[in-house]
1. Looking at B:224, B:282, B:294 in this structure, which one is at pLDDT 95 or above, assigned by TED's automatic domain parsing to the domain that holds residue B:329 and either aliphatic (A, V, I, L, M) or assigned to a helix (DSSP H, G or I) (or both)?
2. Quick test of your reading of the structure: residue B:1 fulfils all but one of (1) assigned to a strand (DSSP E or B); (2) modelled with pLDDT under 90. Name the failing condition by number.
3. Among the residues of region A:37-47, count how many are charged (D, E, K, R) and under 10 Å from the mean Cα position of the chain (by Cα).
4. Let me spell it out: the conditions are (1) within 12 Å of another protein chain (Cβ to nearest Cβ); (2) under 17 Å from residue B:109 (Cα atoms), and residue B:32 meets all of them except one. Which number is the exception?
5. Across region B:351-366, what is the total count of residues that are without any contact (Cβ under 8 Å) to a residue 12 or more places away in the chain and in a helix (DSSP H, G or I)?
6. So which of B:197, B:182 ends up being small (Gly, Ala, Ser), in the same structural domain as residue B:370 (by TED's automatic domain parsing) and over 15 Å from the mean Cα position of the chain (by Cα)?
7. I'm trying to understand the selection: among the residues of region B:121-144, which are under 16 Å from residue B:155 (Cα atoms), free of Cβ contacts under 8 Å to residues at least 40 places away in the same chain and over 11 Å from the mean Cα position of the chain (by Cα)?
8. Which of the residues that make up region B:61-71 are among the hydrophobic types (A, V, I, L, M, F, W, C) and either facing another protein chain (nearest Cβ under 8 Å) or under 24 Å from residue A:15 (Cβ atoms) (or both)?
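The values are calculated or read from the model by the stated rules, or taken from the named source; none is laboratory data. Computed from a predicted structure; not experimentally measured. Cβ placement follows ideal geometry from the backbone for every residue including glycine, while neighbour counts extend to all protein chains displayed.
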Amino acid sequence: MSIAYDQTLDVKGARCPMPLVKSRKAVNELPVGQVLRVVATDRGSVADFQGWVKTARNVELLAQETVNEGGQELFVHYLKRTA
Amino acid sequence: MTITEGQTAVATFTPAELYARILRDEPLFILDVRNEEEFRRSPIEGRANLTTVNIPYFEFIEDEDGATARVPAGREILVVCAKEGSSQYVAGVLQERGYRARYLEGGYVSWGNFYDVRDVVTAHWGRIVQIARPARGDLSFAVISGGKAALIDPMRHVQVYRDVVAEAGATLTHIFDTHVHADHISGGPALAQETGATYYVHAYDAIHPIDMLPAVIAYTHVQEGDRFEIGAVTITARWFPGHTLGQVNYRLDAPDSRSALFTGDGIFLRSFGRPDLGGKGEAWTPILHRSITERLPRMADDDTLILPAHFSTLDEGDANGVFAAPFAEVRATNDALRPRDEAEFTSYVLSHLPVFPPEYVEIKRVNIGLVTPCDGTANELELGKNICALSNA
């Protein structure tokens, strides 16, 4: 997947709710219009990010992908700050 | 609140405490903070006085004031999530705002894997013990007599069965699966391997009905009329095809003339086992009809205690969470068993079939050894309550 992004947030090893807590904070610090790539190992983050952006004020979920990195499953989320 | 990796101390509650309070029908308020999809798939169910509200944890992150305003003040709040972390977070938020909030230790996973053990029958000849998994509506049993023990439909977490047998000072000799289950993973093969007890299942169920592949686990074929002595009691296998082709009910006869019928997914207290989970509903429905109308009356007397493998709602059990009733009572109160000819029965089945959970095909593979899941995958496969019964709606 080739999604352009501006910053990366590594939350590998962080368990629920920390991937989302840290992503919210990082989006708050992101300039409007920029894209944050979040790399997580928590499988539950996939459905939770989908649910979160439905109610979130200024976040759009551009894409999600699952990649295998050296035998470890990574769940990658692309978040855009919209306002 | 300040977000740190190590949260401040927030009080917890255990699945055992929750279940005891649900059985007493105490007024309880559960705040389930999982995402909506997971909540809908596997809500915690109770009796009349249990109130459950779903506010996903990320709504507390997004709008703490708005989300908190939806939580009732002045009463105890029991917070539940999938694996504990976000319920701890939300309970912390609520506690800082003056709520009496606690969170479930281990999250929904620990509730789903919680077992409740209690006696159904105690007599001079021994005991029948019910081992229930309340979140799933799954029931299994131990028969203990004369220093011997038999298990019926033991589930995946085998330690609870080791404990029941050990506490009784008994030796496990027989493990009976009434059929190859589709909704949960059996503990039978694993227990047989470690104890040397024989694992019995009907050979018709040892072929995956959709894959048409044979079992690769060790099992002993059981057939109609096979008799087993467990101490002072006799257990007789009674073939009851329909839910699966190899569904077997086990009749227990005790020296004091008491009898019980372990019906597996043959019949339940308020319903019966759906005939479509093998993917052959059209062909299996008439077979189930004959089992219910012709076979069942020959294997249960009026006072035979019916002990099924599932319940659909807690109110099928008594106040103590025992799910058992004499056959005469089941016949009178179970609307699904009302006499019907084959055409009426077929249309009843067709109009009461719940959804077919796709994971049930995979669970059957696991149960005959075609697939071996890790613990996390097993938890996901078994998430939520069983859907083995016809719907009563």
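1. Numbers: B:224 fails: either aliphatic (A, V, I, L, M) or assigned to a helix (DSSP H, G or I) (or both); B:282 fails: at pLDDT 95 or above.
Only one candidate passes the filter, namely B:294.
2. Answer for residue B:1: the failing condition is (1).
3. Within region A:37-47, the first condition is being charged (D, E, K, R), and the residues that meet it are A:37, A:42-43.
Still in the running and under 10 Å from the mean Cα position of the chain (by Cα): A:37.
Looking only at that region, the number is 1.
4. Every condition holds for residue B:32 apart from (1).
5. Going residue by residue through region B:351-366, those that are without any contact (Cβ under 8 Å) to a residue 12 or more places away in the chain are B:351, B:358.
Filter once more, keeping what is in a helix (DSSP H, G or I): B:351.
Summing the residues that are without any contact (Cβ under 8 Å) to a residue 12 or more places away in the chain and in a helix (DSSP H, G or I) in region B:351-366 gives 1.
6. Working: B:182 fails: over 15 Å from the mean Cα position of the chain (by Cα).
After applying the criteria, what remains is B:197.
7. Just the residues of region B:121-144 that are under 16 Å from residue B:155 (Cα atoms), to begin with: B:129-143.
When the remaining residues are screened for being free of Cβ contacts under 8 Å to residues at least 40 places away in the same chain, the result is B:129, B:131, B:142.
If the condition is that a residue be under 16 Å from residue B:155 (Cα atoms), free of Cβ contacts under 8 Å to residues at least 40 places away in the same chain and over 11 Å from the mean Cα position of the chain (by Cα), then B:129, B:142 are the ones that fit.
8. Applying the first criterion (among the hydrophobic types (A, V, I, L, M, F, W, C)) to region B:61-71 yields B:61, B:67, B:69, B:71.
Selection gives B:61, B:67, B:71.
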